[in-house]
Each structure stands twice: as C-alpha cells, then as structure tokens.
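First the structure, in the form of structure tokens, and then the observations on it.
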Amino acid sequence: MPEHDQENPRRDFLRKTLTLIPVVTVASTGLGMTALAATETSPSPKPPGAPVTGDYQPTFFTKEEWAFVQAVVSRLIPADDLGPGALEAGAAEFIDKQMNTPYATGALWFMQGPFVADAPSEMGYQLQLVPQQLYRLGIAAVDAWCKDTHGDVFSAKDSATRDRILQQMESGALSLDDFPVKAFFSLMVQNTREGFFCDPVHGGNKGMIGWTQIGFPGARADFMDWVERNEQYPFPAVSIRGERA
C-alpha cells in the first residue's frame, strides 16, 4: 500500500498500527480480563494461526457490498509469508457487525452542525455522514466509477488494480463528485485494523491471528514481568473468553 515500506510493506503496516490503534479501544466491551486458570509451560509461541473459514452471512451489507468489503480488507492487510491477512482474520465480518451498532449510526456522536470542512482533528468528527452512510454511499460510488472506468466493479479487479484504486482513494486522486473519498478510505483502513487486532469476541482476529503476528499476549491477567525484558513473549495469546491462540 502507498506510503509503506516497499521491501516489506505488511510488516511496516503492522508496526505502524501498534502506535495508532490502542488495543484497549478496539477490544473494550466492559468485560473484565479473564484470569488464567493455569500457568503455561510452552517455551515458544505457536506460528500464526491458520485462516478460519465459515459461512458467515452479512446482516448489513448487500451481496455486492459484501464482495467490495472483502476485496478491500484483503488488500489493506494481505496474506503473505508472515501469515494470514485481514480477510482470513475475519475483518470483513467485524466491519459488518459494527454496522449494526450505535457507533455506525452516529448515535454516540454529536451530529448537529455546523460542519467545518478541513477542520483540525482536535475539533472532532466533522462529516454529516455516519459510518453506515459512508460505507453504503462510498461502495456504490466506487463501484460505479470502476464500471465506468474499467468495465466492472472493484471486487472483480485483480490485486494490482485494486491496489492502484486504493492508492488513488488515499491520495484524493479519485474524485467522486462531492463524496469524501479520502475519509471513506481512512474509515476502511481504521476498521480493517480494528478487525485484525480486536478481541475475537467482536468477530475479527479469528484464531488471534493478528495478536500472534505481533506477539501481543491478549487479555492475560499479568504479563508485566516481560515488558522490560526486550525478549519475545513466550506464551500464546488469550482472548477475553479464555480462548488460546
């Protein structure tokens, strides 16, 4: 993806994500941390988990929208030699589930004007569109542009073409009338990261794929002894529900 280290863009992407997405934000449910029932003795962590497959049926996205979301997350964090990517980790399922929450309808936000274009980030969210609307309108607009420009929808493109279109969205080179393309791209990146690194209870990070790849211990009761050791954490990640990677 653009602006990422071209030699190993995925590793660079995941490293940057650690400084951008506080795990407590994407994994918080109001539930307490699950205490460990026993002490592990495994000397080394398991390799990244295998993709978890299933017959998930989206509850918000239409069939065409669902294909778009899956195609996007598959390119934002793709599977490679480091392990499975966002698609395999269930990031698309995470996003679909988030669309049926107060977050996606803007119910938790102040959504009255005035809306100030290009306002600094400290002024908060400035769009009139809530996440549900950004996805629904954005997918329709991008797919229509793809049909007009390339003859078919985004999800029908090969990986290289998808990457070029996403780069155009990120840079603002792809213009869709008055639709905020860059904001839509940023939302998809944010939600894909959240779906890759959230606790599995939220529908993403299946098999704790994301946590395993970065060595995050998950919802363990105590791992502070390892913080200052400058060593790889030796035990597998644990989810809020007590699942082990």
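The values are calculated or read from the model by the stated rules, or taken from the named source; none is laboratory data. None of the values given here were measured: they were computed from a predicted structure. Cβ placement follows ideal geometry from the backbone for every residue including glycine, while neighbour counts extend to all protein chains displayed. The protein model used for the area step is the full one, side chains on, heavy atoms only, and it has no ligands, DNA or RNA in it. Shrake-Rupley method; radii C 1.70, N 1.55, O 1.52, S 1.80 Å.
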Rounded to 0.05, the calculated FRET efficiency for the beta carbons of Ala183 and Ile214 at R₀ = 25 Å is 0.40
Probe 1.4 Å, all chains present, heavy atoms only: Thr59 accessible area in Å², nearest 10, is 100
In region 186-245 the accessible area split gives carbon plus sulfur, as whole percent at 1.4 Å, a share of 46
Correct semi-axes for region 185-245, from √(5λ) of the alpha-carbon gyration tensor and rounded to whole Å with the largest first, are 23, 14, 9
Rounded to the nearest 10 Å², the accessible area of Phe110 using a 1.4 Å probe with every protein chain kept is 150
Computed for region 113-224: size of charge dipole around the Cα centre, +1 on C-beta of each Lys and Arg, -1 on C-beta of each Asp and Glu, debye to nearest 20, value 300
Sorted by accessible surface (1.4 Å probe, heavy atoms of the protein chains only), largest first, Glu243, Glu170, Glu122, Glu93 come out as Glu122, Glu243, Glu170, Glu93
Subtracting the Cα-Cα distance of Asp148 and Tyr125 from 0.36 nm times their residue separation yields 5.1 nm
Probe 1.4 Å, all chains present, heavy atoms only: Leu76 accessible area in Å², nearest 10, is 10
So Gln112 and Ser175, fully extended at 0.36 nm per residue minus their Cα-Cα distance, gain in nm 20.1 nm
Two pseudo-spin positions, 7 Å from Cα along C-beta at Arg241 and at Val201, lie apart in nanometres by 1.0
Checked against a 25 Å limit on the C-alpha separation, the offending pairs among Lys182/Lys206; Lys63/Lys147; Lys97/Lys147 are Lys182/Lys206; Lys97/Lys147
Computed for region 61-131: size of charge dipole around the Cα centre, +1 on C-beta of each Lys and Arg, -1 on C-beta of each Asp and Glu, debye to nearest 20, value 220
